[in-house]
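A.B. asks: Have a look at this one.
The values are calculated or read from the model by the stated rules, or taken from the named source; none is laboratory data. Computed from a prediction, not measured in an experiment: that's the story for all the values here. Note: ideal-geometry Cβ built from the backbone for every residue, glycine included; neighbour counts use all protein chains shown.
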Ligand code: CS2
């Protein structure tokens, strides 16, 4: 029966019981979920975690002997309340729709999450989970901004009000740092082993960064605990990759029409996936190498390659494309001028900074990136890409600009992206006058600085927390000023400005 034709048909909710009603081509968990225990507690259960780590663990759980590596999700934000309600209804199950560039679609249901704790409602429950002897790994996707560092100096930001709260109220945490500290303190007092802290965010040296930030926080009030963490906790660095657009109402409808089930928490993602992890764990690890992840002794070159090419490439298309009036990544990259600009940026301003990796052909890596970006079945919105640019751009693009300046190399393609970010933050409309959706913790500051551009073309660069000393780099400033003049000229057209820089 085709339920999609009949709006009166009440669809079953996706849950353990309704799994058997799904079409035969859906890969559903056949392992016994009642036998699983949560070896991993994951903080920040967004779309990326559900398409990436939770997918690898789902594959692993198909293998006998891996029952102790299921996931307990943790939501720290008030916004996670409704999510918890959905998850409880769905027995923590959700569908993953994998869309290949050639139109092939794979349907899966992920069973790797077996519990979800909504922290604002019961903080003690979260701390108890973190100190439970089953918990071997605490993994994080708290976004680039969640690590609480000053983007220019890389130092911990003690002025964040939530951090000030957590410092003053160690038993009533709000932030991931507060929770990790409360739990590690108790583990130390009980003579337990610590868990591994595994960052899955797009930050180069994400493990080292997590260690540095956590130690800054802890050492402020408990140097003994800081020493114990430094001596005992592993923070493996990792490169994570899978393009995962924001879930839309259309995705929910698609699952209802195709799988005849009501899934209020579905995920759509591309087919490509990669996870390269430093093999450094405090208390054991899942055999992720048996399900496609790669353990290496040093992940640095992989991280740099991915962040400076893929993530930066996204930001190039995101900002330039938004100002032009494009809505998605595939729309932007299928425009030949944008594709040429992106490729030249990657070839001239990033590739010379990347260490050649044995077994990885950078030319092929870049070709694959362009193919992935062009996947017409992944409608990855530029609004998602430009979200929290202030936390992303220092790592994705400004880092390469600084390295190029130090090497005396040209940065003109990246410079235009920064100048475009200024226009974007200032006017908040595209070049057709349509409003742009701005979502950034620093939105007000970005606007205030960018808005002084008419009086001082370099005003935006005075945001030294983001740009460091770029405003003192003469040749960069000259080029930036030219880009600003072109962008702010009446009737300016981003495409001609891009063309002029090729
Ligand atoms: C994107 C990433 O947030 C961004 O700007 O570049 O979310 C990207 O899609 C993922 O890192 C892909 O692995």
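A.B. asks: Which of (1) crowded, with 17+ Cβ neighbours inside 10 Å; (2) away from the ligand (no atom under 12 Å from the Cβ); (3) not in a loop (DSSP other than H, G, I, E, B) does residue 326 not meet, given it meets every other one?
C.D. replies: (3)
A.B. asks: Sticking with this one: What residue, of 381, 389, is within 15 Å of the ligand (Cβ to nearest atom) and touching a strand residue (DSSP E or B) at 6+ places or on another chain (Cβ under 9 Å)?
C.D. replies: Just a single option satisfies the conditions, and that option is 381.
A.B. asks: Failed condition for residue 92, given (1) crowded, with 16+ Cβ neighbours inside 10 Å; (2) at negative phi, with all others met?
C.D. replies: Among (1) crowded, with 16+ Cβ neighbours inside 10 Å; (2) at negative phi, residue 92 violates only (2).
A.B. asks: For segment 47-85, how many residues are part of a helix (DSSP H, G or I), within 13 Å of residue 137 (Cβ to Cβ), in contact with a strand residue (DSSP E or B) (Cβ under 8 Å, 6 or more places away or on another chain) and more than 16 Å from the ligand (Cβ to nearest atom)?
C.D. replies: Here the count works out to 3.
A.B. asks: Quick one: which strands (runs of 3 or more DSSP E) sit completely within segment 253-319 and have at least 2 residues that are within 16 Å of the ligand (Cβ to nearest atom)?
C.D. replies: 267-270, 274-278
A.B. asks: Need the failing condition index for residue 109 against (1) more than 22 Å from residue 255 (Cα to Cα); (2) touching a helix residue (DSSP H, G or I) at 6+ places or on another chain (Cβ under 8 Å); (3) more than 16 Å from the ligand (Cβ to nearest atom), just the number.
C.D. replies: Exception for residue 109: condition (1).
Results for (1) over 29 Å from residue 152 (Cβ atoms); (2) in contact with a strand residue (DSSP E or B) (Cβ under 7 Å, 6 or more places away or on another chain); (3) within 16 Å of the ligand (Cβ to nearest atom); (4) at pLDDT below 95, shown as yes or no for each residue.
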{"position": "174", "(1), (2), (3), (4)": "no, no, no, no"}
{"position": "206", "(1), (2), (3), (4)": "no, yes, yes, no"}
{"position": "217", "(1), (2), (3), (4)": "no, yes, no, no"}
{"position": "223", "(1), (2), (3), (4)": "no, no, no, no"}
{"position": "234", "(1), (2), (3), (4)": "no, yes, no, no"}
{"position": "245", "(1), (2), (3), (4)": "yes, yes, yes, no"}
